[in-house]
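To keep things clear, I will list the structure first and then write my remarks on it.
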Amino acid sequence: MATIISLLTFPGIITHELAHRFFCSIARVKIYEACYFRLGNPSGFIIHEPVDNYWKALFIDIAPFLINTLISLLLFAIAVNVTLNFVAYTLYWLGISTAMHSFPSNSDAANLWSQSKTYLKKNPLALIGFPIVGMIKLAIFFNRIWFDVIYAVALLLLVALIFKGEDLLSF
């Protein structure tokens, strides 16, 4: 089943990894290896040099949540404002697949946990990482009941409500 989901949502996986890469570039963190999509576990990954700053680690780890959510919102905003045709359906698919891969992975959470513990003595603001890891772990746990799909549909409904308002409920 995981292989089928990966194949159906591959744009979201690619965007997830590109988000990590984008924040590595901003933070000037060298990337050793990148795999944007593959069949297997994990379906993509970025291996980078160790970071020298807690904020770099935090933003690299949560980059997919920020970037994928933003891209999904943009795709949905365009989709709800075009005529319902192949283009709109494609935008909905891209938006849903991108939103479904917004949440950082288990390895992202483990890395953030480790970085938060390492930097806690130097930077008390590293405490922020612990509840973020908790939220990531909860999202991963609730993926058993398709939380990633629920999140994607919630974003779509939010955008549709903003742009269509009361018209959304009229048939």
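Brief remarks follow.
- Looking only at residues in the range 21-35 that are open to solvent by 70 Å² or more (accessible area, probe 1.4 Å) and among the aromatic types (F, W, Y), the one that is nearest to the chain's Cα centre (by Cα) is F22.
- Filter pass, L18 being open to solvent by 30 Å² or more (accessible area, probe 1.4 Å) and closer than 25 Å to L157 by Cβ: no
- Test: residue in the range 66-78 that is over 17 Å from the mean Cα position of the chain (by Cα) and free of Cβ contacts under 8 Å to residues at least 12 places away in the same chain: no
- Any hit, the range 50-57, residues being within 30 Å of L125 (Cβ to Cβ), in contact with a strand residue (DSSP E or B) (Cβ under 6 Å, 6 or more places away or on another chain) and open to solvent by 70 Å² or more (accessible area, probe 1.4 Å): no
- Residue identified as more than 17 Å from H16 (Cβ to Cβ) and of a type in the set (S, T, Y) among T90, T98: T90
- Subset tally (residues that are within 16 Å of I47 (Cβ to Cβ), open to solvent by 10 Å² or more (accessible area, probe 1.4 Å) and in contact (Cβ under 8 Å) with a residue 24 or more places away in the chain) for the range 95-120: 6
- Only one of the listed residues (V153, V82, V133) is part of a helix (DSSP H, G or I) and open to solvent by 40 Å² or more (accessible area, probe 1.4 Å). That residue is V153.
- Residue match in the range 107-125 (condition: assigned to a loop (DSSP other than H, G, I, E, B) and of a type in the set (A, V, I, L, M)): yes
The values are calculated or read from the model by the stated rules, or taken from the named source; none is laboratory data. Fair warning: this is a prediction, and the values are worked out from it, not measured in the lab. Ideal geometry is used to build each Cβ from the backbone, glycine not excepted, and the neighbour counts take in all protein chains shown. Surface areas here come from the heavy atoms of the whole protein model, side chains and all, with no ligands, DNA or RNA. Shrake-Rupley method; radii C 1.70, N 1.55, O 1.52, S 1.80 Å.
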